[in-house]
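A quick write-up on the structure given underneath.
The values are calculated or read from the model by the stated rules, or taken from the named source; none is laboratory data. Just so you know, these numbers come straight off a predicted model, no measurement behind them. Reconstructed Cβ throughout: ideal geometry from the backbone, glycine too, with neighbour counts over all protein chains shown.
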Amino acid sequence: MARKRRGEPIDGWLNIDKPVGISSAQAVARVLRATGAAKAGHGGTLDPLASGILPIALGEATKTVSYVMDGAKTYRWTVRWGQARSTDDGEGEIVATSDVRPTTESILAALPAFIGEIKQRPPLYSALKVDGERAYDLARDGVQVELVPRVVQIKSYRLVAQPDPDHAEFEAEVGKGTYIRSLARDLAAAVGTVGHVAALRRSACGPFQECNAISLESLAGLGHGPGLRGFLLPIRTALDDIPALALDESEARRFRNGQTLALASLYDRAPRGRDEIVLAVEGERLVALARIEGGILRPLRVFNDVNFQSQE
């Protein structure tokens, strides 16, 4: 039987600025070594070729990871026109070329079609599963697969700069499941050429921004001492859009034991929405993520004894 990892009971979020060249899983491993935390997980994968914001949850914050992964994200990237690659980024082999270089006018004319809800075909080299196998594993083995287009939300998509005829820089705010490599590939096709992502950076992931991010190198320099606390964000950071519902001591105790509560007894405190997710709190203590459903408050994820607003 595998031994349970030992470590410090650290609860909260670290807003990591991931460098190019390592995977998200490797970044999590470095955070565990740097902090000595017992448990960690990341809030949204970044490929090794991408840099930028990678929120990493420690301890009880891992119970809120899905709320970060489901949130909006902002990316900045550079497209290399005239070269299509097997992976839709600079890592793959060149599979097509074009002498066409789009004008500013043609790019601006094409962008509106990519804003709003659009259908997007994921890259062949992606982590999506096809008949139980990762698409990138099948692609590397030369297996031809057809990935089904899916609907994604593009909130904004703008041209930032054109440093030379071969390159253009873009920024977009996108919803869950959007592939920037697909956005670049499809925009290139729309302007009559081919292209791939030459550089990619995530500048925001849900509530996590560049302004309060810390590099892995800086984190390692802090050690396990009190300096870490200055960068540890509260669990509540990932739940800012979720309304709080105050419980008294008795209600909180029952809820922590997995019991439901009748909404009628909480009428004056409960939000008026139906089937709504709420954050149950007792004073300054987190109790649970819960759902209002059919007149009942049901616990979804119960927290151990952690603070509502601050990290511990």
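Let me confirm something: among T45, T74, which residue is under 30 Å from D166 (Cα atoms), part of a loop (DSSP other than H, G, I, E, B) and hydroxyl-bearing (S, T, Y)?
T45
Please pick out the residue among I107, I22, I10, I53 that is in a strand (DSSP E or B), β-branched (V, I, T), in contact with a helix residue (DSSP H, G or I) (Cβ under 9 Å, 6 or more places away or on another chain) and at negative phi.
Residue meeting the stated conditions: I53.
Inspect the range 68-85 for any residue being acidic (D, E), touching a Phe, Trp or Tyr at 6+ places or on another chain (Cβ under 9 Å) and touching a residue at least 60 places away in the same chain (Cβ under 8 Å) and give the result as yes or no.
Among the residues of the range 68-85, not one is acidic (D, E), touching a Phe, Trp or Tyr at 6+ places or on another chain (Cβ under 9 Å) and touching a residue at least 60 places away in the same chain (Cβ under 8 Å), which makes the answer no.
Check whether at least one residue in the range 41-55 is without any contact (Cβ under 8 Å) to a residue 60 or more places away in the chain and of a type in the set (G, A, S), and report yes or no.
Yes, the range 41-55 has at least one match.
Filter the range 170-191 down to the residues that are part of a strand (DSSP E or B) and either of a type in the set (G, A, S) or under 21 Å from D70 (Cα atoms) (or both) and list them by number.
E171, A172, E173, V174
From the residues in the range 192-232 that are assigned to a strand (DSSP E or B) and among the aliphatic types (A, V, I, L, M), which one is farthest from P123 (Cα to Cα)?
It comes out as L232.
Do we have V79 as within 30 Å of G36 (Cα to Cα), under 27 Å from the mean Cα position of the chain (by Cα) and among the aliphatic types (A, V, I, L, M) here?
no
When the residues of the range 149-185 are filtered to those that are of a type in the set (D, E) and in contact (Cβ under 8 Å) with a residue 12 or more places away in the chain, which remaining residue is nearest to G44 (Cα to Cα)?
Of everything passing the filter in the range 149-185, E173 is nearest to G44 (Cα to Cα).
Of the conditions (1) at pLDDT below 90; (2) out of contact with any helix residue (DSSP H, G or I) (no Cβ under 8 Å at 6 or more places or on another chain); (3) over 30 Å from P226 (Cα atoms); (4) not aliphatic (A, V, I, L, M), E284 clears all except one; give me its number.
Here E284 meets the rest and fails (3).
Residue by residue, here is whether (1) in contact with a strand residue (DSSP E or B) (Cβ under 8 Å, 6 or more places away or on another chain); (2) modelled with pLDDT under 95 holds:
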{"position": "V68", "(1), (2)": "yes, yes"}
{"position": "W81", "(1), (2)": "yes, no"}
{"position": "G92", "(1), (2)": "yes, yes"}
{"position": "D99", "(1), (2)": "no, no"}
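Could you list, in sequence order, all residues of the range 40-82 that are touching a Ser or Thr at 6+ places or on another chain (Cβ under 6 Å) and surrounded by fewer than 22 Cβ atoms within 10 Å (Cβ to Cβ)?
Hits for the range 40-82 are G41, T45, P48, T74, R76, G82.
Does A61 qualify as being outside any loop (DSSP other than H, G, I, E, B), touching a Pro at 6+ places or on another chain (Cβ under 9 Å) and at pLDDT below 95?
Here the answer is yes, as A61 does meet what is asked.
If I filter the range 258-276 down to residues being at pLDDT below 75 and of a type in the set (D, E, K, R), which single residue comes out as nearest to L300 (Cα to Cα)?
D275
Just the residues that are over 23 Å from V174 (Cβ atoms) and not charged (D, E, K, R), please, taken from the range 87-118.
Residues satisfying the conditions are I94, V95, A96, T97, S98, V100, T103.
Please verify whether D241 is part of a strand (DSSP E or B), within 30 Å of R229 (Cα to Cα) and either modelled with pLDDT under 90 or touching a Ser or Thr at 6+ places or on another chain (Cβ under 6 Å) (or both), treating the condition exactly as stated.
no
Considering A139, A199, A168, A113, which residue is within 21 Å of P48 (Cβ to Cβ), modelled with pLDDT of 95 or more and within 25 Å of the chain's Cα centre (by Cα)?
Just a single option satisfies the conditions, and that option is A199.
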